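Quick notes on the structure that follows.
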Amino acid sequence: MSQSRVVIVTGSTSGIGLGIARAFAARGDSVVLNGFGEPAAIAALVAELGAGGARVTHDPADMSKPAEIARLVHDAEARHGRIDVVVANAGIQHTARVEDFPPERWDAILAINLSAAFHLARAVLPGMQARGQGRIVNIASVHGLVASADKGAYVAAKHGLVGLTKVIALENAERGITCNAICPGWVRTPLVEKQIVARAERERLSMDEAQRALLAEKEPTLRFTAPEDIAEAVLFLCGPAGGNITGTTLALDGGWTAR
Ligand code: NAD
């Protein structure tokens, strides 16, 4: 793999995706940011990540829209000539029991958390296959390995994403392309902040108490994983030592799936 790579990170205007994009940009890789946000805030991120000399752009493609995903990949290839790394990270959450789950939220979660990774891989694979190299990292979740109540759509999407990861790995095993899934436990991002607020309101707890309850229920280490730690794991999978790691899951989950 060449020194400076071309990297797409979906959902990288916030949280885990932003941490991953920062880490690639800090190495001098060319990074295509993606995700929603205020134009001024996004412009500030592009400037911040590019300050060290990395080529950083933002593409607003909506991951729920297959045509926009294809357009994103097409434009990135036209601009940079190739794509070396794709991190399918964009994701949303909604919690409710199955019988109460709004069908439109089910559709949105499946589209953004699962189908987008298929559309991305479908678009980038021909170029990677032609060059005989590439790295695809899908940001799944511990919920790609185990379940929790009230997360039917999310658990279904993330289990599906782990399955898709294995298939892409097998189909490309002899072509210099790896595909792996990262399975984080709790990471304190806006996606999880909403769940802490909901728990505090539901159980009449302070934010600190709700945070402790959330961790105690699932993570033996009682601590959040940082986006920077997830980014290091992605860099490892995309680096030389990751060359023969494919079709697997890497859990950064504080022991969640050990019990
Ligand atoms: P976040 O809410 O902080 O960030 C989500 C990002 O996705 C944002 O940049 C947002 O703009 C973007 N996004 C949302 N909908 C989009 C769409 N339709 N098209 C394009 N971009 C879109 O969330 P996060 O916690 O950083 O989550 C990132 C990924 O990590 C998700 O796939 C999530 O399921 C997964 N994950 C998160 C945790 C956690 O504890 N936070 C744990 C395990 C897995």
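Okay, here's what the table says:
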read-out	value
Mean Kyte hydropathy of -1.0 or more with a Cα span along the axis of at least 15 Å, helices from DSSP in the chain	15-26, 39-50, 66-80, 116-131, 152-171, 190-203, 207-218, 227-238
Listed pairs K158/K194; K65/K194; K65/K151; K158/K218 exceeding 21 Å between Cα atoms	K65/K194; K65/K151
Low-density loop cleavage sites - trypsin sites (Lys or Arg not before Pro) in the range 18-115, where at most 14 other Cβ are within 10 Å (DSSP)	R97
Sum of -39500 (n - 2.57) over DSSP H runs of 4+, divided by residues of the chain (222 nm, nearest 500)	-15000 deg cm²/dmol
The range 119-217 - percent of accessible surface contributed by carbon and sulfur, probe 1.4 Å	52 percent
Value of relative contact order over the chain, rounded to a whole percent, pairs C-alpha under 8 Å and six or more apart	20 percent
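The values are calculated or read from the model by the stated rules, or taken from the named source; none is laboratory data. What you see is a predicted model; the values in this text were computed from it and never measured. Every residue, glycine among them, receives a Cβ derived from its backbone with ideal geometry; neighbour counts consider all protein chains shown. With ligands, DNA and RNA removed, areas are computed over all heavy atoms of the protein, side chains included. Shrake-Rupley method; radii C 1.70, N 1.55, O 1.52, S 1.80 Å.
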